[in-house]
Structure formats: structure tokens, C-alpha cells
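What follows is calculated from the coordinates using simple rules that are stated; it is not laboratory data. Values in this document were obtained by computation on a predicted structure and should not be read as measured data. Heads up, the Cβs are rebuilt from the backbone with ideal geometry, glycines too, and the neighbour counts pull from every protein chain shown.
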Amino acid sequence: MLRSRTLAALLLGPLAPLALRAQDAMAAMAGMADVHHHAPAPASAAVRRQIDSVARAVASLGTPAAAAAAGLAPVFGWIPTMGVHWVDRATMTKAAQSDRAHPGQLMFSRVAGRDSLVGVAYGYFASVGDTVTPALFAGAPRWHEHPDRAPAGETLVMLHVWFVASPDGPFAGTNPNLPFWALGLAAPDAARMHDPAFGGVVRRAALALAELADSTAIFPQVKDRPDVAPMLAARRDSIRTLVTELRAAERAKDATRWDRAAERAAAQWDALYATYLASARTAAGKERMQRYVAMLLGQHGE
């Protein structure tokens, strides 16, 4: 059973305050470039059949309204590279998550202008050191852990399953396509996503786009602070023009133009991230921000 604290509280905890020197912000941004993603092996026919069977099993819950009627509830808002998790709290046990046909979480995100079921997640709390995970899919995809999002002595163990295209494979912890789709853009070129330079730009650009798709999605606790709000408003205006540029590049099938717009969007995110870090009022708050952004960029559960 999910503890009385919500997953949202376990995710970020209270964000507290610390003046950040410029060199600290630059070092933090440099660290984002160290996120590497390797091309996943193609999903086998057996895995595809299993994922399709899960999609069919939850098809009747394919809208937020249907999920709510079935007793699921969103435990936090839209996470830019994961969507909104709708959770059946009664299933947050290892035994319950051993049934592939009954995932405990649904993931919704906006695609083509509507909230769409983009995947599911299996998750449960386990004692630290319990390394045996349920064997739900062929090939035994790796579950990931979030020890800092569980009660003391426990860890949150999860497996995401994507029904939509994901450059890191169907079991990746994050999906950078979601912010693009949320704004009505096409997904980035999947064949290029594992080029470290291109992939790094796209993943940072995705977080910039997320600021427009949902202005409360990343650090809602700090967005209204006097030292943050004016900068965020100006940066979002700049990102808005880049969405128009990305859309125009798509229509023209101009990859060079698209790349330039994505690089500019990534630079906007770098500046936004520096502003967020500078707003942290304690070292612990800054560290939580850094861990969260690393997760959004794909260092999921590491």
C-alpha cells in the first residue's frame, strides 16, 4: 500500500534556499552533457507481443476520466519526460506488480492535442537490498530504483513500459519525445538520438519546451519567486518563438534549420536551469534540483 506521503513529496521534498555562484551553475550545466544514451537493442517479437497484450489489457482505461472512474488518481503533475502517473495505490506491493496484465500505474501525456495513454508503469516499495524483481517481460528488462523517494529503509522499484515511440526503447525510464508532442511538434529524429551531441541537445531542448507545455512541470515551488519569475517569463517568450521555428523547419523538411532551433532551445534551458539553481536556498535544495533534472534527462534511478 502506498504510504500516506504522496509520491510527489517523496520526489522532491521541500525545496529550500542558497545563493549559487556563477561558476557553480556553469559546472552543473556542464554535468548535464555527461548524460550518455546507447541505442537499445530492437525489441524482440516476443516483447512486442507482451507489450501489445498490456496495451489491450488497459485499453478501457485510455482516458483520464476512465482511469479516475476505475479508482486511479494522479499522484503528481505532468513530468516532462514521463507524463502524468495515475496510480492504483492498492497495487504498490511487489506481489501485486507481478501481474503483467494489471500494471499499477498509467502514464498520460498530451499527444495531438489530447491527453493520451502513452504507457504504463509497474512500481512497489521494497526493503533496501531486495534485488529480485518480477520477471514480467522477455529478456528481463532492468527495473530502476528510487531510494530517495521511499520511506527510510526502503526503495521505490519501478519499470516503465512505453506504448509510444521512445528513442531509448520501450522500457526506458524517460521519453524525451513527450514535450515535443505536447506542443504539437513531431518527435526528433530517432536515428540520430544516440549521437551524443545531437541527443544531448534534444534532451535539453525538450525541457525548454516543457516550460511552455506546462509552466508548473519542473520546479513549481520556485517559479513565482521575485528573483526567478521575470527571467522565466522572458525565457519562455524566447522559447515560444523557437517552437514556431521548429514547426517551420519540420514543414520544410530542413534538418539544418531544425538543428539550429533545437540548439537555441537547449541554450534557453541551460539559462533557465542556472536560474533555478541560483534560487536554491540550501545546499540540500540545490542537490535535489540537480538529481531531478538528471532524472529528466535520462539518468533515471541512477
**Message:** For the chain, set up a GNM with springs between Cα atoms under 10 Å and report which of P188, P230, P103 has the largest fluctuation.
**Reply:** P230
**Asked** Nearest 0.05, what FRET efficiency do R142 and E245 give at R0 = 22 Å with Cβ-Cβ as r?
**Response** 0.05
**Fill in**
Computed over the Cα atoms of the stretch 39-94, the Rg and Dmax in Å are 14.0, 38
**Request:** Sticking with the crude label model, points 7 Å out along Cα→Cβ, report the distance from R89 to A66 in nm, one decimal please.
**Result:** 2.5 nm
**Message:** Just want to confirm a number: the relative contact order over the stretch 7-296, from Cα pairs under 8 angstrom separated by 6+ residues, in percent.
**Reply:** 23 percent
**Request:** Putting +1 on Lys and Arg Cβ atoms and -1 on Asp and Glu Cβ atoms, find which of V293, V120, S98 reaches farthest to the positive end of the dipole of the stretch 7-296.
**Result:** V120
**Asked** From the Cα gyration tensor of the stretch 147-259, with a ≥ b ≥ c the square roots of its eigenvalues, which class applies: rounded if a/c is under 1.5, or else prolate if a/b is larger than b/c, or else oblate?
**Response** oblate
**Message:** Once R0 is set to 25 Å, what does the formula 1/(1 + (r/R0)^6) return for the Cβ-Cβ distance between S98 and A283, expressed as a FRET efficiency to the nearest 0.05?
**Reply:** 0.05
**Complete:** For D254, the residues 5 or more places away or on another chain with a placed amide H closer than 5 Å to its own amide H are none
**Message:** Under 10 °C and 1.306 mPa s, how fast does the chain diffuse according to Stokes-Einstein, given a Kirkwood radius computed over C-alpha pairs? Answer in µm²/s, whole number.
**Reply:** 80 µm²/s
**Item:** Antiparallel DSSP beta bridges within the chain, percent to nearest 5
**Value:** 95 percent
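Taking the Cβ-Cβ separation of S215 and A59 as r and a Förster radius of 41 Å, what is the calculated FRET efficiency to the nearest 0.05?
Efficiency computed from Cβ-Cβ geometry: 0.85.
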**Message:** As a test of the formula, what do you get for the chain when each DSSP H run with n ≥ 4 contributes -39,500 (n - 2.57) and the sum is divided by the residue count, at 222 nm and rounded to the nearest 500 deg cm²/dmol?
**Reply:** -13000 deg cm²/dmol
**Asked** Straight-line reach from K223: which lysines have a Cα under 25 Å away, not including same-chain ones fewer than 8 places off?
**Response** K286
**Asked** Which value, in debye to the nearest 20, gives the size of the charge dipole of the chain about its Cα centre, when Lys and Arg are +1 and Asp and Glu are -1 at the Cβ?
**Response** 380 debye
